[in-house]
Amino acid sequence: MDKIKEKKGFICDMDGVIYHGNNLLAGTKEFVHWLYRENKEFLFLTNSSNRTPKELQQKLQMLGLEVDEKHFYTSALATAKFLSKQMPNCSAYVIGDPGLYHALYDAGITISNTNPDYVVVGETKSYNYESICLAVKFVLNGAKLIGTNSDLTGPSESGIIPACRALVAPIEAATGKNAYFVGKPNPLMMRTGIQMLGVHSKDAVMIGDRMDTDIIAGIESGLDTVLVLSGVTSEETIDLYPYRPRLVIDGIGDLVRE
C-alpha cells in the first residue's frame, strides 16, 4: 500500500471505481482530495463513450466533486483520434450517445447514413433493431466495424448491464466481420493516457474494477495495478485470470484511509 501511495501518477477508471450510475462510491471524495493535497498527477480514463469530458466534469460536480476537465479521457476521444489518423476526413455511421458524436465531429469525421467508411458503436440506450440493420448493411458494403471498447458488461446502480461488446456482437454475427476495439486494454488508449499524465510508466499506477481491461491494460503498459472490488470483478473471479494486480482493495477509499 505504501509503495502505491508513493507513485507520482494515478490513472483511474470511473464506472465501478468512483461511482455507480449517479451514486458516488464510499471514499471517492477522500481519494480525490488526497490526490490534490499530495500534488499527484491523475487522469480518469474511462471506457465509457457516452459523455464528453465536460459532461463527466459536470457529473462529478453534481455529486459534490470539483475536478478540472483536463483530468478526463474517454474511449470516444481515443476512437476519434484513431479514425482521424487512419483516414483523415472519413465518414462514419454511429450507434452511440452524444459523447461519441462530439468526439468524432471534433476530429473532423463526418456522420453519415450513406456509404460510410466506418460503422462505430459505443454504449447507448437508443440501441434498436433498425440501427443494427443499417450497421449490418454498411459493414457488408465494405465499412469497417469499430467498437469504442471491448467491455462486455458494466456496473450500474441496478447491477451488471450489457456494454459495448454486447452491442457490437449482433453486427459481428450477422456480417461475419470482427470489430476492432479501441478502448482499454488497447495500448493505443493507454499510451495516450500515460502521455497526458506526464510521468514515466514506472512511476504510475492503474486503478480499476475489471481484470480483463483495467488490470491487464496496466500490466501491459508497465504500470503498477490496483483492483477495487466495488465494480465488476469479485474476489472469487480473480483467480480465473493468469495474471494478478499488485494490490486488491475493497474500495478506492482504502488507498488513503489512515
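The values are calculated or read from the model by the stated rules, or taken from the named source; none is laboratory data. All of these numbers come straight from a predicted model, not from anything done at the bench. For neighbour counting, all protein chains shown are included, and Cβ atoms are generated from backbone atoms with ideal geometry for every residue, glycine included. For accessibility, only protein heavy atoms count, side chains too; no ligands or nucleic acids. Shrake-Rupley method; radii C 1.70, N 1.55, O 1.52, S 1.80 Å.
For the reader, a short list of remarks on this structure follows.
- Test for residue 35: is it at pLDDT below 95 and surrounded by fewer than 22 Cβ atoms within 10 Å (Cβ to Cβ): no
One line per residue, one yes/no per condition, for (1) within 14 Å of residue 12 (Cα to Cα); (2) of a type in the set (Val, Ile, Thr); (3) crowded, with 17+ Cβ neighbours inside 10 Å; (4) touching a Phe, Trp or Tyr at 6+ places or on another chain (Cβ under 6 Å):
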{"residue": "39", "(1), (2), (3), (4)": "no, no, no, no"}
{"residue": "46", "(1), (2), (3), (4)": "yes, yes, yes, no"}
{"residue": "49", "(1), (2), (3), (4)": "no, no, yes, no"}
{"residue": "64", "(1), (2), (3), (4)": "no, no, no, no"}
{"residue": "69", "(1), (2), (3), (4)": "no, no, no, no"}
{"residue": "76", "(1), (2), (3), (4)": "no, no, yes, no"}
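- Within the range 88-115, being buried (at least 24 other Cβ atoms within 10 Å of the Cβ), assigned to a loop (DSSP other than H, G, I, E, B) and either of a type in the set (A, V, I, L, M) or at pLDDT below 95 (or both) holds for one residue alone: 109.
- No other residue among 85, 40, 125 is assigned by the TED database to the domain that holds residue 209 and either modelled with pLDDT of 95 or more or within 26 Å of residue 176 (Cα to Cα) (or both) apart from 40.
Okay, residues lined up against (1) under 19 Å from the mean Cα position of the chain (by Cα); (2) of a type in the set (Asp, Glu); (3) farther than 17 Å from residue 172 by Cβ:
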residue	(1), (2), (3)
115	no, no, yes
125	yes, no, yes
128	no, no, yes
137	no, no, no
140	no, no, no
143	no, no, no
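- The residues in the range 175-190 that are small (Gly, Ala, Ser) and surrounded by 18 or more Cβ atoms within 10 Å (Cβ to Cβ) can be counted, and the count is 2.
- Leading residue by the ranking (most open to solvent (accessible area, probe 1.4 Å)) among those in the range 116-151 that are of a type in the set (Gly, Ala, Ser) and either in contact with a strand residue (DSSP E or B) (Cβ under 6 Å, 6 or more places away or on another chain) or farther than 16 Å from residue 51 by Cβ (or both): 142
- For residue 225, the conditions (1) open to solvent by less than 10 Å² (accessible area, probe 1.4 Å); (2) under 20 Å from residue 156 (Cα atoms); (3) outside any helix (DSSP H, G or I) all hold with the exception of (2).
- Against the test of being closer than 19 Å to residue 20 by Cα, touching a Leu at 6+ places or on another chain (Cβ under 6 Å) and of a type in the set (A, V, I, L, M), the options 226, 232 yield a single qualifying residue, 226.
- Residue within the range 208-220 that is open to solvent by less than 10 Å² (accessible area, probe 1.4 Å) and assigned to a loop (DSSP other than H, G, I, E, B) present: yes
- Within the range 152-174, the set of residues being open to solvent by 90 Å² or more (accessible area, probe 1.4 Å) and either charged (D, E, K, R) or in contact with a strand residue (DSSP E or B) (Cβ under 8 Å, 6 or more places away or on another chain) (or both) comprises 152, 157, 160, 162, 165.
- Counted residues, the range 129-180 - those being among the acidic types (Asp, Glu) and not in a loop (DSSP other than H, G, I, E, B): 2
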